[in-house]
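Report on the following structure.
Computed from the coordinates by the stated procedures, all read-outs in this text should not be read as laboratory data. If you're wondering where the values come from, they're calculated on a predicted model, not measured in any experiment. No Cβ is skipped: glycine too gets one built from the backbone with ideal geometry, and neighbour counts run over all protein chains shown.
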Amino acid sequence: KKAARVTGKPALSYALYGGEDYQLLFTIGPENLALLKKSAPTGRFTVIGDVVAGAPGVSLLYPDGRRTLLKPDGYCHFR
């Protein structure tokens, strides 16, 4: 939050796109998720969302039901 105040950027931007700590992100069909959970060591992966029909994009979902569409940002491996 201090860096955000100093630079005038939103703190959320730093949380979502800052840093150099990357992890592998992948999709898996629901029919294979149970198999992955059985075969993967505990704590080796985390389910972070769902792929759903609709307009393309990534949204933040809040416990109260609000949804915020995120603008594409961050590192792009294919540029």
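Remarks
- Taking amide H as placed 1.01 Å from N in the peptide plane, the amide H of LEU70 sits under 5 Å from that of VAL58, SER59, LEU60, each at least 5 places away or on another chain.
- Per-pair calculated FRET efficiency, R0 = 30 Å: THR7 and ILE48 via Cβ, rounded to 0.05: 0.65
- Phi to ³J(HN,Hα) by Karplus 6.51 cos²θ - 1.76 cosθ + 1.60 over the range 2-15, Hz, x for Gly, Pro: 5, 4, 5, 5, 5, 8, x, 8, x, 4, 4, 4, 5, 5
- Straight-distance crosslink candidates among lysines, where the alpha carbon sits under 19 Å from LYS71 and sequence neighbours closer than 8 are dropped: LYS9
- Cα→Cβ-extended label distance, 7 Å offset, between TYR62 and LEU36, nm: 2.9 nm
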